[in-house]
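A.B. asks: For reference, the structure I am asking about is given below.
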């Protein structure tokens, strides 16, 4: 403790250089631990996006592509599933429930999902949590819409407000379904999943707004009022994808094989957890690269501490000589420099964590509303503690270099004058 006290007093005498070194370490630690936390929170957010669904069914493509457009509403499907095929799959003896999904429309940049009322009871996320309404009710009329939390907040919608859907992802005037406006009847509670950024309508409503459309555009001279649309047979002709819940987990591979070998059209059934694992492996290279860059920043910060200690060592040769002259042993000098490096690293780590938590408190609402990613302010995880321990160990290794040099300085060398 006496060595640490002496090291602290020594650093106070060189407070400006010490402050710069601590700031460099603190920034690098905040970046390193911040990247690690975002990495884990992003992985947890992806993993918790869908729960309780045994299989996702779509047109034959890749598992990751099917997962992205059906669950995350990213990209588009290569093809649709005919309604007849979907009904046959949903009627399989091993299937307990089936929820159809129809995608392809949007509202002011947010995806529109056509589905059934079963979606509100069957969709699960974050270890079997269900959807809850913050306001209003689920859709009961043909042209009712339920908004995700982010859609309602970002666009300022309230219950009863009219909204107009657009055909495709682009919200341009000639692609809007202005002749059949919807009414907001419900707003979902925030989930931290893509549901927050989704407009939900009935599956029949998707058919109604496209009843007088052909080839992605309205048919000239074939106007259709909402009242006329209600009188039509709105049985879907095709859907984009579907969620399946099975009566037994043992039947998962049996039903998956039935869908993959379906003779009427090329289809694909995937296990959400397996597809999520493949997706995470896909982006694992970028994830590792980002963590490596953060590690390099830490190395640069510790290298700055090494440069500061080495440059100050030449100026402190007389100080070391005086310590030796009053009885300090070479090991005491070694411990002094190591103590300084330890104190600098420890303060840098503590300030880095404090800076990280301050930044998280500031950006947490923004990140959650813009990206649907919740950044927890909890205590450091095991992996974060390992990184902090690695930084502390790195500080000790770096500090041993100038400490060893000071150890080798002799009393005569410290008192001599070099010309």
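None of the figures in this text is laboratory data; all of them are computed from the coordinates on show. Values in this document were obtained by computation on a predicted structure and should not be read as measured data. Backbone-built Cβ (ideal geometry, glycine too); neighbour counts: all protein chains shown.
A.B. asks: Could I have the simple spin-label model distance between residue 264 and residue 248, label points 7 Å from Cα toward Cβ, reported in nm to one decimal?
C.D. replies: Reported label-point gap for residue 264 and residue 248 is 2.6 nm.
A.B. asks: Return, ordered by residue number, the residues of the range 48-92 whose backbone nitrogen is under 13 Å from a label point located 7 Å along Cα→Cβ of residue 274.
C.D. replies: 54-57, 63-64
A.B. asks: Okay, moving on. Can you bin the range 55-270 into rounded, prolate or oblate? Criterion: square roots of the alpha carbon gyration tensor eigenvalues sorted a ≥ b ≥ c, rounded for a/c under 1.5, prolate for a/b above b/c, oblate for the rest.
C.D. replies: In terms of gyration-tensor shape, oblate.
A.B. asks: How would 94, 180 line up from fewest to most surrounding beta-carbon atoms within 10 angstrom? Kindly include the intermediate steps, with their values, before the conclusion.
C.D. replies: Values: 94 15, 180 20.
Exposure proxy ranking, most exposed first: 94, 180.
A.B. asks: In whole angstrom, how far apart do the alpha carbon centroids of the range 262-307 and the range 30-77 sit?
C.D. replies: That distance is 12 Å.
A.B. asks: Can you put 292, 338, 305 in order, fewest other beta carbons within 10 Å first?
C.D. replies: Lowest count first: 292, 338, 305.
A.B. asks: Run the quick spin-label model on residue 79 and residue 96: label points 7 Å from Cα toward the beta carbon, then report their separation in nm to one decimal.
C.D. replies: Here the answer is 3.1 nm between the modelled labels.
A.B. asks: If I take R0 = 35 Å and measure r between the Cβ atoms of residue 359 and residue 128 in this structure, what FRET efficiency does the formula 1/(1 + (r/R0)^6) give, to the nearest 0.05?
C.D. replies: 0.60
A.B. asks: Under a crude label model (7 Å from the Cα following the beta-carbon direction), how far is residue 401 from residue 299 in nanometres?
C.D. replies: Label-label distance for residue 401 and residue 299, simple model: 1.2 nm.
A.B. asks: Between residue 235 and residue 164, how high is the FRET efficiency from 1/(1 + (r/R0)^6) when r is the Cβ-Cβ distance and R₀ = 22 Å? Nearest 0.05. Intermediate results must be reported in sequence, preceding the final value.
C.D. replies: Details: r = 24 Å, r/R0 = 1.11.
About 0.35, to the nearest 0.05.
A.B. asks: Continuing with this model, one more query. Suppose a student asked you for the relative contact order of the range 55-270, using Cα pairs under 8 Å spaced at least 6 residues apart; what percent would you report? If you can, show how the numbers build up before the last one.
C.D. replies: Working: 424 pairs, mean separation 70.7, N = 216.
Relative CO of the range 55-270 lands at 33 percent.
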